[in-house]
1. So between GLN235 and HIS264, what do we pick up on full extension, going 0.36 nm a residue minus the alpha carbon distance?
2. May I ask you to work out the translational diffusion coefficient for the range 101-221 at 20 °C, viscosity 1.002 mPa s, via Stokes-Einstein with Rh from the Kirkwood sum over Cα pairs, reported in whole µm²/s?
3. Using mean Cβ contacts within 10 Å as the protection proxy, how do 172-178, 133-139 order, highest first?
4. Simple spin-label model, 7 Å along Cα-to-Cβ: ASP82 to ARG197 in nm?
5. Give me the net charge of GLY211's neighbourhood, meaning all other residues with Cβ under 10 Å from the Cβ of GLY211; Lys, Arg count +1, Asp, Glu -1.
6. Would you please give the FRET efficiency between ILE273 and TYR105, computed as 1/(1 + (r/R0)^6) with r the Cβ-Cβ distance and R0 = 41 Å, to the nearest 0.05?
7. Tell me the carbon and sulfur percent of the accessible area for the range 99-211, rounded to whole percent, probe radius 1.4 Å.
8. Keeping all protein chains in place and using 1.4 angstrom, which order do HIS115, HIS99 fall into by accessible surface area, from largest down?
Amino acid sequence: MAPRRPRPATTDDSPATPATPTETATDESASSTPDSTLPAVVAAEPTDLEPYEGPDDGFGEAVTFAPTELRINRAKGEFWLDGDEEPRRELILIPRGCHKAQMFYGLAYDPKVKHEPSCQSPDGRIAEGWIDPNTMEEAMRKCLACPKKGFGAGSCTDLMRLLAWDVERKLPVRLTFQNAELNPRKGAFILAVNRFRSMGLKPQETVMRVGFKDTEAAYKALTFEVIAAAGAQDQESLLQIQQTLDICWSAYESSRAIALEDMHSLYAEQEAIAA
């Protein structure tokens with residue numbers, strides 16, 4: 001078995017946001033513009049660092065970045081972020097990038113317990129978990145050949161995960177969109193993506209207002225309003241948020257690439273042994 005790549009060590013469970021050249025934790029001169037909907041970021045002089053030549057300290061290959069999960073409760077029409085005391089009905093986001101994922105729920109939904117997927121894939125290609133509730137035997141499998149791939153009840157769920165800047169909470173977050181939002185013709189998320197593409201804008205050059213279409217319905221559909229971020233009052237803060245998002249996205253994708261490489265390598269080894 002090929003050796004695994006080292007993982008960055010962490011001291012707690014809180015997500016780490018990569019440091020940027022435009023942020024400082026010790027500068028007390030930070031201020032915000034009251035009339036702006038975008039947070040101000042304090043500029044700081046970058047510090048030159050000597051190349052590190054000591055033992056592996058967990059930061060040799062890439063900065064691991066785990067964005068805070070922003071949960072969508074479609075039954076209640078609420079958005080929840082860890083640490084929130086109250087839910088929100090609307091979000092203001094600056095998007096950066098997204099990727100596919102898959103989840104399968106082998107057990108029936110029970111409102112009294114947390115509903116966890118029994119099998120999932122971080123890229124929609126290789127999945128790990130169990131799909132048979134009778135045996136609950138865990139295994140790795142190709143998504144394309146999986147009997148649970150398809151549409152309707154009892155099938156695997158197509159997902160899209162979005163990395164974005166939460167303007168109100170002032171931090172990068174990740175949201176997960178489901179089949180209904182990904183329909184090529186009428187899916188709310190896909191229509192929002194098509195909207196900023198038709199405007200000739202990159203995702204981080206837009207601002208998304210996300211809410212719920214019908215607060216009385218049992219399943220509340222999402223709504224998106226997309227506007228150009230160029231209309232924001234504080235352009236300097238906007239630019240620095242975009243730079244922060246670029247760094248976060250790069251670290252996020254690097255972390256995913258390492259994890260996916262390990263997962264695909266392990267699956268290939270298992271297939272070779274089985275053959």
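1. On the way: separation 29, 0.36 × 29 = 10.44 nm, distance 4.24 nm.
The GLN235-HIS264 span can extend by a further 6.2 nm.
2. On the way: Rh = 16.6 Å.
Approximately 129 µm²/s, per Stokes-Einstein.
3. Values: 172-178: 20.4, 133-139: 10.0.
Most protected by this proxy first, the peptides run 172-178, 133-139.
4. In this crude spin-label approximation the distance works out to 3.2 nm.
5. Numbers: positive: ARG88, ARG89, ARG209, LYS213, LYS220; negative: GLU90, GLU225.
For residues surrounding GLY211, the net value is +3.
6. Working: r = 29 Å, r/R0 = 0.72.
Calculated value: 0.90.
7. C and S atoms contribute 51 percent here.
8. Working: HIS115 65, HIS99 20 Å².
Final ranking, largest accessible area leading: HIS115, HIS99.
The values are calculated or read from the model by the stated rules, or taken from the named source; none is laboratory data. What you are looking at is a predicted structure, and each value in this text was computed from that prediction instead of being measured. For neighbour counting, all protein chains shown are included, and Cβ atoms are generated from backbone atoms with ideal geometry for every residue, glycine included. Just so you know, the surface numbers come from the protein's heavy atoms only, side chains and all, with ligands and any DNA or RNA stripped out. Shrake-Rupley method; radii C 1.70, N 1.55, O 1.52, S 1.80 Å.
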